[in-house]
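I have placed the structure first, in the form of structure tokens, so that the comments after it can refer back to it.
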Amino acid sequence: MDGGGHTMAAGCSFEIARLSEVESALEAHAHEILTPDDFIAAYQADLEIRPGDLTLSVMESISMLEPYGESNPEPFLIARSLDLAQINPTKNPAHVQVTLRGEDATTVSAVGFSMGERFAQTRVGNKIDVLFQPKLDDFRGRRVKWQLKDFSEV
């Protein structure tokens, strides 16, 4: 068996005849060191905002922070007590498009990848807090779109 790569990569090579043995060893090691908490995503919000705060101009300024990577992570923002104005399913039922409305009546479009089941358990009109990453969307015109990472009902 050989290994190599840089500090953020893992690589190895082994004889294909030993695949089952390597798989068993990796699974046994994972069971020894991982706990259920290791599978829960943990995010830290960088800033709390209101929907009207994220204008195209602000987004262009935020994009100057790119490129994102390990030493320069993409910002996570939080917005609180938003009205869930619309829930729109996508072609893939695992994902959902939602419209959120702030206290100042500003609306924003957001996408929740792998959040279809969670949004199916909430209702339009409910208030939610959302953790998200802001994105510039150029599809059918330039606008700000939120990529949801988590949400909770208020």
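What net charge do the residues around Asp137 carry, taking every other residue with its C-beta under 10 Å from that of Asp137, with Lys and Arg at +1 and Asp and Glu at -1?
On the way: positive: Lys135, Arg140, Arg142, Arg143, Lys145; negative: Asp138.
For residues surrounding Asp137, the net value is +4.
For the chain, which longest stretch is free of loop sites, where a loop site is one of the chymotrypsin sites (Phe, Trp or Tyr not before Pro) that DSSP puts outside H, G, I, E and B and that has at most 12 other Cβ atoms within 10 Å? Before the final figure, lay out the partial values.
Details: sites that count: Phe14, Tyr43, Tyr68, Phe139.
Result, exposed sites excluded: 69-138.
Among Ser109, Ser57, Ser81, which one moves the most in a GNM of the chain with springs linking Cα atoms closer than 10 Å?
Comparing Ser109, Ser57, Ser81 in the GNM, the peak value goes to Ser57.
Calculate how steeply helix 19-33 sits against the longest principal axis of the alpha-carbon atoms of the chain, using the helix alpha-carbon long axis, and give the answer as 0 to 90 degrees to the nearest 10.
On a 0 to 90 degree scale, this one is about 60.
Expected output is a single nm value to one decimal: the length gained when fully extending between Glu27 and Ala41, i.e. 0.36 nm times separation in residues minus the C-alpha distance. What is it? Don't jump to the answer; show the numbers that get you there.
Working: separation 14, 0.36 × 14 = 5.04 nm, distance 2.07 nm.
My answer for the length gained is 3.0 nm.
Most mobile of Lys127, Lys135, Lys91 per a Gaussian network model of the chain (Cα springs, under 10 Å)?
Most flexible of the set in this elastic network: Lys91.
Values quoted throughout were computed directly from the atomic coordinates according to the rules given, and no laboratory measurement underlies them. The structure displayed is predicted, hence computed values, not measured ones. Virtual Cβ from ideal backbone geometry, glycine too; neighbours counted across all protein chains shown.
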